[in-house]
């Protein structure tokens with residue numbers, strides 16, 4: 001009878017938990033009606049950030065913080081579904097890292113729409129086909145995703161949130177590594193596994209694909225081929241993991257943007273992403289960045305890209321700490337605007353400390 005009394009207690013607690021979650025969801029439905037009546041956004045990343053921080057403070061263990069956050073990710077996902085059905089666009093197909101990042105942000109209760117390109121994600125938001133989209137912006141090993149940067153300039157979307165996803169790559173296929181004659185994967189993934197490919201797959205043909213899932217699909221149909229992909233991709237196509245965690249750096253991480261149409265309110269711990277083009281004069285970049293320095297604003301990223309409208313002219317993408325509505329940020333950006341030929345603010349959003 002010893003263990004049964006503990007199981008009986010757990011069963012009683014489970015009933016209480018389910019009752020409380022349903023009580024929570026009753027209030028969620030009331031909030032959903034209020035939001036619809038008042039034209040408010042359903043997904044509020046700044047509220048989500050504050051809630052998760054409070055939950056961390058409430059937790060005295062033995063439950064691990066990551067366990068608590070994983071549980072509440074799905075509770076909040078179910079809440080979004082009850083408030084209003086949301087559709088999330090991502091660079092597909094299912095099982096890609098973009099899909100995994102979207103799941104990590106929105107959970108499994110919302111609706112997902114797979115697109116074949118990053119441009120497709122932007123287009124889904126602009127046309128209203130999706131409420132939000134998830135796109136990669138930079139990788140800790142290979143740097144910025146240039147196509148995302150370029151599309152941000154012309155697209156009518158705003159950055160609502162950011163998320164970073166640890167990236168682990170595996171060599172997957174049907175046979176042993178010595179039988180492999182070609183390897184499929186996305187170009188960025190090849191770059192993230194360069195050392196492994198040089199040391200272990202020297203002379204093996206590398207074939208670029210549009211996604212790691214597409215690479216796995218190709219490998220599934222060829223007995224002498226392999227793919228570099230996530231473990232979930234191997235599961236989808238019932239392939240063996242030949243070698244695991246073959247990325248060059250164990251802390252390999254990709255940062256993703258959550259895109260939408262709404263502005264966020266300041267949380268006190270935010271980031272702002274923007275782009276500007278400089279004038280053709282000596283010290284132009286220094287003049288543009290000086291207002292940020294004078295205001296004590298930290299810059300966490302800078303990338304340059306060629307302007308499409310003129311040869312040999314460049315624009316600069318930067319991330320800064322602070323919200324566009326903060327007085328020091330607002331003043332600095334007004335001064336920056338006078339120093340450059342073009343300025344576009346992509347959005348301010350709650351900062352994810354693990355993304356810096």
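The values are calculated or read from the model by the stated rules, or taken from the named source; none is laboratory data. No experiment lies behind these values; they were computed from the predicted model shown. Quick reminder, even Gly has a Cβ in these numbers, built from the backbone with ideal geometry, and neighbours come from all protein chains shown.
Would you check if residue 177 is at pLDDT below 95, farther than 29 Å from residue 255 by Cα and not assigned by TED's automatic domain parsing to the domain that holds residue 147?
yes
Please give the number of the condition residue 164 fails out of (1) farther than 30 Å from residue 325 by Cα; (2) in contact with a helix residue (DSSP H, G or I) (Cβ under 9 Å, 6 or more places away or on another chain).
Among (1) farther than 30 Å from residue 325 by Cα; (2) in contact with a helix residue (DSSP H, G or I) (Cβ under 9 Å, 6 or more places away or on another chain), the lone unmet condition for residue 164 is (1).
Taking residue 345 as meeting all but one of (1) at pLDDT below 95; (2) in contact with a strand residue (DSSP E or B) (Cβ under 9 Å, 6 or more places away or on another chain); (3) surrounded by fewer than 19 Cβ atoms within 10 Å (Cβ to Cβ), write down the number of the exception.
Evaluating residue 345 over (1) at pLDDT below 95; (2) in contact with a strand residue (DSSP E or B) (Cβ under 9 Å, 6 or more places away or on another chain); (3) surrounded by fewer than 19 Cβ atoms within 10 Å (Cβ to Cβ) leaves (1) as the failure.
Scanning for something assigned to a strand (DSSP E or B), in contact (Cβ under 8 Å) with a residue 24 or more places away in the chain, more than 21 Å from the chain's Cα centre (by Cα) and not assigned by TED's automatic domain parsing to the domain that holds residue 129, does the range 189-203 turn up at least one residue?
No, because not a single residue in the range 189-203 is assigned to a strand (DSSP E or B), in contact (Cβ under 8 Å) with a residue 24 or more places away in the chain, more than 21 Å from the chain's Cα centre (by Cα) and not assigned by TED's automatic domain parsing to the domain that holds residue 129.
Just for strands (runs of 3 or more DSSP E) wholly inside the range 208-261: which have at least 3 residues that are under 18 Å from the mean Cα position of the chain (by Cα) and under 27 Å from residue 149 (Cβ atoms)?
Fully inside the range 208-261 and qualifying: 253-260.
Taking the condition of being closer than 21 Å to residue 87 by Cα and either surrounded by 14 or more Cβ atoms within 10 Å (Cβ to Cβ) or modelled with pLDDT of 95 or more (or both), how many residues in the range 42-70 meet it?
So the count comes out to 8.
Inspect all residues belonging to the range 186-200 and state whether any of them is farther than 17 Å from residue 139 by Cβ and buried (at least 20 other Cβ atoms within 10 Å of the Cβ).
For the range 186-200, residues farther than 17 Å from residue 139 by Cβ and buried (at least 20 other Cβ atoms within 10 Å of the Cβ): absent.
Quick one: in the range 265-301, of everything that is in contact with a strand residue (DSSP E or B) (Cβ under 6 Å, 6 or more places away or on another chain) and part of a loop (DSSP other than H, G, I, E, B), which residue is farthest from residue 325 (Cα to Cα)?
279
Say we look at the range 107-129 and pick out the residues that are surrounded by 19 or more Cβ atoms within 10 Å (Cβ to Cβ) and touching a residue at least 60 places away in the same chain (Cβ under 8 Å); which of these is nearest to residue 211 (Cα to Cα)?
So the residue we want is 121.
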